[in-house]
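Written below as structure tokens is the structure these notes are about.
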Amino acid sequence: MNKDLVNTILNKNIDDYNVVAEKYSQVREKTWKEMDFLFDGVEAGDNVLDLGCGNGRFYNEFISRGAEYWGIDSSKKLIEIAGKNHPEARFGIGDAFNIPFEAEFFDKVYAIAVLHHIPSVEARLLFLKEAQRVLSPNGYLILSVWDLKEKRKKRKFNFLTWFWELGMDKGDILLPWYGVKDAYFHAFDLPELVGLIESAGLKIIKKGEIKVGEKPYNNFYVIAQKV
């Protein structure tokens, strides 16, 4: 994917989240119990970055375990909602490709439901390298992505987006989302996700699929370590 299209998609992602921020937050007020195990490794005194923190719904998971918490997101609207929900917390607008912290500051970096919004392998690797930069030696990156393979199979041809999609990569899809037209996603499978993280130089500690709710709504997760 060329750089101009990558930048166009990244900017549109920010705009889309600003548009859907209220609706999105209403259906994501709390964490999903099926994902609780992802927070089991958080220890008292850990410096934790919630990268792509959204409305701050994971804040209590970290604070209840005694962690020092920071949350950043590229969406101004979501950060405003996070600040209203948790006025005592440290939230800020931030760029995941240029995280505003010094190297090796965090013991753990969480990126829940973020990576599938990043277009192109090159940009995804930059995202992972930047998360790795701010991790302490032997620190952990915990991330998840949505399992979108069924939506990709069922996606109908749309002539209006056909030309744009010609420039996208295999596995990329544009979907209607909370009233937004043509929201960008990358439909990972687990081997692709694992391979990407390993190519960034991280060691895979645990991986798998999480089935959330009754439908179920599936997510892939990886716990990786900086080595």
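General observations
- Distance between modelled label sites at VAL194 and ALA44, nm, 7 Å Cα→Cβ extension: 3.6
- Residue-averaged [θ]222 nm for the chain, counting only DSSP H segments that reach four residues, each worth -39500 (n - 2.57): -10000 deg cm²/dmol
- You can think of it this way: the chain between LYS203 and LYS23 has 61.2 nm of extra reach, that is 0.36 nm per residue less the Cα-Cα gap.
- Kirkwood Rh, Cα atoms: Rg over Rh of the stretch 11-137: 0.94
- Normalised radius of gyration (Cα atoms, divided by 2.2 N^0.38 Å) for the stretch 165-227: 1.37.
- Between GLU150 and THR31, the simple spin-label model (points 7 angstrom out along Cα→Cβ) gives 2.5 nm.
- At q = 0.11, 0.16 Å⁻¹ the log10 of I(q)/I(0) for the chain amounts to -0.53, -1.20, computed by Debye summation with a single uniform scatterer per C-alpha, solvent ignored.
- The calculated FRET efficiency for the pair VAL227 and GLU68, based on their C-beta separation and a Förster distance of 30 Å, comes to about 0.80.
- Restraint check, LYS170/LYS206; LYS12/LYS129; LYS129/LYS203, Cα-Cα greater than 18 Å: LYS170/LYS206; LYS12/LYS129
- Placing +1 on the Cβ of every Lys and Arg and -1 on the Cβ of every Asp and Glu, with nothing else charged, gives the chain a dipole about its Cα centre of roughly 720 debye.
- Taking 0.36 nm per residue of separation and subtracting the current Cα-Cα distance, fully stretching the chain between LEU125 and ASN7 would add 41.0 nm.
Values in this text are rule-based calculations from the coordinates and carry no lab data. Quantities reported herein were computed from a predicted structural model and do not represent experimental measurements. Every residue, glycine among them, receives a Cβ derived from its backbone with ideal geometry; neighbour counts consider all protein chains shown.
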